[in-house]
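Participant: Let me give you the structure first, and then I'll get to my questions.
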Amino acid sequence: MKLYDGGRAPNPRRVRVYLAEKGITVPTEQVDLGSLQHKSAAFAAINPVGRVPALVLDDGSVITESIAICRYFEALHPEPPLFGVGARDIAEVEMWNRRLELHLLFPIAHVFRNTHPAMKEWEVPQVPAWALANKPRVMEFLDIFDRDLRDRPFAAGDRYTVADITGLVAIDFMKPAKLAVPETCANVRRWHAAVSARPSASA
Ligand SMILES: N[C@@H](CCC(=O)N[C@@H](CS)C(=O)NCC(=O)O)C(=O)O
């Protein structure tokens, strides 16, 4: 088995944080995104979509998409559960993971990818107006997330889950996107400090 990782990029980090929470070690190869190694023919043979992370299994088959990779390990190592326990809780974790992905991580990525000069060869064409359109979406969702975090410690309830991982990675990605969590979002700030203090956050 080999995990194709991508340094500081947010999606590979989701898998690293997940594995650290589980205490799972996987042989890893870094894909040098800076030199566009992910766009090479050799990497296209692993993931034709040209994105990291990618997990190659011992039978040669490949799993891409960070959450699909995490789900694979979840099935093999159910403890501690990071995708919820029981029908209602599993749905809650899925709901928050999707919300944090679609309404936070993706809009932040759109801002970063459509403004940062280093992204010119990744995001073709760069559309600065799309970055501008996504900035208020980030702030709108942070307000919603803040209201929900008023009554609970973690993104999907009382337990740390994969939704917290997506949220942590998204908030940390705000810095290179030149965005910041507003002072008014005190619950988001409290939650972010708590999830950042876990050893897995440095993965
Ligand atoms: N939905 C995918 C997204 C993967 C993704 O976009 N990875 C980024 C790094 S965070 C990448 O490889 N980007 C290369 C590119 O856009 O050319 C996942 O969850 O794994």
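Participant: Mind checking whether some residue in the stretch 27-50 is touching a Leu at 6+ places or on another chain (Cβ under 7 Å), assigned to a helix (DSSP H, G or I), at pLDDT 95 or above and among the aromatic types (F, W, Y)?
Facilitator: Scanning the stretch 27-50 turns up no residue that is touching a Leu at 6+ places or on another chain (Cβ under 7 Å), assigned to a helix (DSSP H, G or I), at pLDDT 95 or above and among the aromatic types (F, W, Y).
Participant: Somewhere in the stretch 114-132, is a residue at pLDDT 95 or above, basic (K, R) and either touching a helix residue (DSSP H, G or I) at 6+ places or on another chain (Cβ under 9 Å) or within 16 Å of the ligand (Cβ to nearest atom) (or both)?
Facilitator: no
Participant: R88 fails exactly one of the following numbered conditions: (1) touching a strand residue (DSSP E or B) at 6+ places or on another chain (Cβ under 8 Å); (2) among the basic types (K, R); (3) without any contact (Cβ under 8 Å) to a residue 12 or more places away in the chain. What is the number of that condition?
Facilitator: (1)
Participant: Answer yes or no as to whether I24 is within 19 Å of the chain's Cα centre (by Cα) and among the β-branched types (V, I, T).
Facilitator: On the way: within 19 Å of the chain's Cα centre (by Cα): yes; among the β-branched types (V, I, T): yes.
For I24, the condition - within 19 Å of the chain's Cα centre (by Cα) and among the β-branched types (V, I, T) - is met.
Participant: On to the next question. Just checking, which of R88, R14 is more than 14 Å from the ligand (Cβ to nearest atom) and in a helix (DSSP H, G or I)?
Facilitator: Just a single option satisfies the conditions, and that option is R88.
Participant: Another one. Has the stretch 91-99 got any residue that is within 14 Å of the ligand (Cβ to nearest atom), within 29 Å of N187 (Cβ to Cβ) and in contact (Cβ under 8 Å) with a residue 40 or more places away in the chain?
Facilitator: yes
Participant: Right, A194: of a type in the set (G, A, S), farther than 15 Å from A20 by Cβ and surrounded by fewer than 17 Cβ atoms within 10 Å (Cβ to Cβ) or not?
Facilitator: yes
Participant: Kindly indicate whether L102 is free of Cβ contacts under 8 Å to residues at least 24 places away in the same chain, of a type outside the set (F, W, Y) and either outside any helix (DSSP H, G or I) or surrounded by fewer than 20 Cβ atoms within 10 Å (Cβ to Cβ) (or both).
Facilitator: yes
Participant: Ok, one more. Name every residue in the stretch 19-34 that is surrounded by fewer than 16 Cβ atoms within 10 Å (Cβ to Cβ), of a type outside the set (D, E) and within 12 Å of the ligand (Cβ to nearest atom), in order of residue number.
Facilitator: G34
Participant: Just to confirm my filter: which helices (runs of 4 or more DSSP H) fall fully inside the stretch 115-203 and include at least 3 residues that are among the aromatic types (F, W, Y)?
Facilitator: Counting at least 3 such residues, we get 128-149.
Participant: How about the stretch 110-132: which of its residues are closer than 22 Å to V49 by Cα, surrounded by fewer than 19 Cβ atoms within 10 Å (Cβ to Cβ) and among the aliphatic types (A, V, I, L, M)?
Facilitator: Of everything in the stretch 110-132, those that are closer than 22 Å to V49 by Cα, surrounded by fewer than 19 Cβ atoms within 10 Å (Cβ to Cβ) and among the aliphatic types (A, V, I, L, M) turn out to be A118, M119, V124, V127.
Participant: Among the residues that make up the stretch 40-62, is at least one of them surrounded by fewer than 16 Cβ atoms within 10 Å (Cβ to Cβ), basic (K, R), within 27 Å of Y160 (Cβ to Cβ) and within 15 Å of the ligand (Cβ to nearest atom)?
Facilitator: The answer is no, given that none of the residues of the stretch 40-62 is surrounded by fewer than 16 Cβ atoms within 10 Å (Cβ to Cβ), basic (K, R), within 27 Å of Y160 (Cβ to Cβ) and within 15 Å of the ligand (Cβ to nearest atom).
Participant: Scan the stretch 68-76 and give yes if some residue there is in a strand (DSSP E or B), touching a residue at least 40 places away in the same chain (Cβ under 8 Å) and within 10 Å of the ligand (Cβ to nearest atom), otherwise no.
Facilitator: Within the stretch 68-76, the first condition is being in a strand (DSSP E or B), and the residues that meet it are none.
No, the stretch 68-76 contains no residue that is in a strand (DSSP E or B), touching a residue at least 40 places away in the same chain (Cβ under 8 Å) and within 10 Å of the ligand (Cβ to nearest atom).
Participant: May I pose another question? If you go through the stretch 1-11, how many residues are modelled with pLDDT of 95 or more and more than 8 Å from the ligand (Cβ to nearest atom)?
Facilitator: Going through the stretch 1-11 one residue at a time, the tally reaches 5.
Participant: In the stretch 86-99, what count of residues is obtained for those that are loosely packed, with under 15 Cβ neighbours inside 10 Å and either among the polar types (S, T, N, Q) or within 12 Å of the chain's Cα centre (by Cα) (or both)?
Facilitator: Total meeting the criteria: 1.
The values are calculated or read from the model by the stated rules, or taken from the named source; none is laboratory data. All values reported here derive from a predicted model rather than from experimental measurement. Using ideal geometry, Cβ is built from the backbone for each residue, glycine included, and neighbour counts are taken over all protein chains shown.
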